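Visitor: Structure below; questions to follow.
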Amino acid sequence: MKSYKPTSPSRRQMTTVTYRGVLTESKPHKALTKGRKRAMGRNSMGRITTNHKGGGNKRAYRDVDFMYNKIDIPATIKSVEYDPNRSGFIGLAFYRDGEKRYVLLPKSVGVGSTFLVSEKAPVTPGNRLPLKGIPVGTFVYNIELKPKGGAKIARSAGIFAQVVANSDGQTHLKMPSTEVRKVSENAWASVGEVSNEEHHLVNYGKAGRSRWRGIRPTVRGTAMNPVDHPYGGGEGRQGRGTRRPKTRHGKITGGRKSRTPKKYSNPFIVSRRKTGKNRKQQG
């Protein structure tokens, strides 16, 4: 991590990831970039469905390959680059047949490293193979939920899942949330952990830096008026005044399970994720 001299109150706390010596290119490969309108927390009707999102700097979208459908064709990493749309680093891969693609990089893989997508690939960081060919205890990322469905799980910086068991055509994976889940043994995964593991240590330091990232302010419910939030109103500082904690829309948040009781993936959950104090003790 990079810290700064305290030339201002915000600068005193600010930290950033040290990119020098890690990134090798400052501009993306133009053929693999395009403009893209970000949702900003809105749905297709333009209504806010996720609060505290909006604004921020423009971002060119890098077309990262999550399908990995070039089987048995070796590739070499030619550059390590920053991607504003994700927390991990990406690399420009040159395949032996001449094609270029962006891929999400794992730790310890840099310029000059090679990787292979194959059922018989060695179990080394960056290589990709079916879960049935990966030994128990191995860390994996870019995991498919369905065969040929593309990588969906464990794609954030420093994240990985762990292969726990293989049985009855299913692979048991311990997810980053501590949940143990069954996935088809024919689904593919990449070996290793996602790069940029220091990402979660970044301290923005000031409100303006959050706005550059597209994060809008969060206002406490008790600071609002009664018309705006169940906790609002009252003279001076007041308690919440309701029996259970709620959102601004009246939805109960504390202690109530929010998962759909008949969710399609229930049969695939071996053990639920640990929460609160349980996660600290057993996570």
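Visitor: Identify all residues within region 69-106 that are assigned to a loop (DSSP other than H, G, I, E, B), closer than 30 Å to residue 41 by Cβ and of a type outside the set (S, T, N, Q); write none if there are none. Reasoning before the result, please.
Guide: Going residue by residue through region 69-106, those that are assigned to a loop (DSSP other than H, G, I, E, B) are 69-74, 82-89, 96-99, 105.
Subset that is closer than 30 Å to residue 41 by Cβ: 82-89, 105.
Hits for region 69-106 are 82, 83, 84, 86, 88, 89, 105.
Visitor: With the structure loaded, tell me whether residue 82 is among the aromatic types (Phe, Trp, Tyr), farther than 30 Å from residue 275 by Cα, surrounded by 15 or more Cβ atoms within 10 Å (Cβ to Cβ) and out of contact with any Gly (no Cβ under 7 Å at 6 or more places or on another chain) or whether it fails that test.
Guide: yes
Visitor: Residues 203, 266, 196, 225: which one is on the phi > 0 side of the Ramachandran plot and either assigned by TED's automatic domain parsing to the domain that holds residue 104 or polar (S, T, N, Q) (or both)?
Guide: Going through 203, 266, 196, 225 in turn, just one is on the phi > 0 side of the Ramachandran plot and either assigned by TED's automatic domain parsing to the domain that holds residue 104 or polar (S, T, N, Q) (or both): 196.
Visitor: Testing residue 243 on (1) without any contact (Cβ under 8 Å) to a residue 12 or more places away in the chain; (2) under 29 Å from residue 57 (Cα atoms), one condition comes back false. Which one is that?
Guide: (2)
Visitor: Can you tell me which of (1) in the same structural domain as residue 96 (by TED's automatic domain parsing); (2) without any contact (Cβ under 8 Å) to a residue 24 or more places away in the chain; (3) hydroxyl-bearing (Ser, Thr, Tyr) is the one residue 8 doesn't meet?
Guide: Evaluating residue 8 over (1) in the same structural domain as residue 96 (by TED's automatic domain parsing); (2) without any contact (Cβ under 8 Å) to a residue 24 or more places away in the chain; (3) hydroxyl-bearing (Ser, Thr, Tyr) leaves (1) as the failure.
Visitor: Let me ask something else about it. Out of everything in region 19-55 that is part of a loop (DSSP other than H, G, I, E, B) and of a type in the set (D, E, K, R), what residue ends up being nearest to the chain's Cα centre (by Cα)?
Guide: Within region 19-55, the match that is nearest to the chain's Cα centre (by Cα) is 38.
Visitor: Residue check: is residue 165 closer than 19 Å to residue 105 by Cα and modelled with pLDDT of 95 or more?
Guide: Against the criterion (closer than 19 Å to residue 105 by Cα and modelled with pLDDT of 95 or more), residue 165 does not qualify.
Visitor: Search region 74-91 for residues that are over 17 Å from residue 20 (Cα atoms) and pair each with any residue that is of a type in the set (D, E, K, R) and in a loop (DSSP other than H, G, I, E, B) when their beta-carbon atoms are under 8 Å apart and the residues are at least 6 apart or on different chains.
Guide: As it stands, the answer is 74/96; 75/96; 85/59; 86/155, since those pairs meet every condition given.
Here's the yes/no breakdown for (1) surrounded by 15 or more Cβ atoms within 10 Å (Cβ to Cβ); (2) more than 24 Å from residue 67 (Cα to Cα):
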position: 184; (1), (2): yes, no
position: 189; (1), (2): yes, no
position: 196; (1), (2): yes, no
position: 221; (1), (2): yes, yes
position: 230; (1), (2): yes, yes
position: 251; (1), (2): no, yes
position: 261; (1), (2): no, yes
position: 274; (1), (2): yes, yes
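Visitor: Within region 94-106, can one find any residue that is over 18 Å from residue 74 (Cα atoms), under 15 Å from the mean Cα position of the chain (by Cα) and in the same structural domain as residue 64 (by TED's automatic domain parsing)?
Guide: Looking through region 94-106, none of the residues is over 18 Å from residue 74 (Cα atoms), under 15 Å from the mean Cα position of the chain (by Cα) and in the same structural domain as residue 64 (by TED's automatic domain parsing).
The values are calculated or read from the model by the stated rules, or taken from the named source; none is laboratory data. Everything numeric in this text was worked out from a predicted model, so none of it was measured. Glycine also receives a Cβ, built like all others from the backbone with ideal geometry; neighbour counts cover every protein chain displayed.
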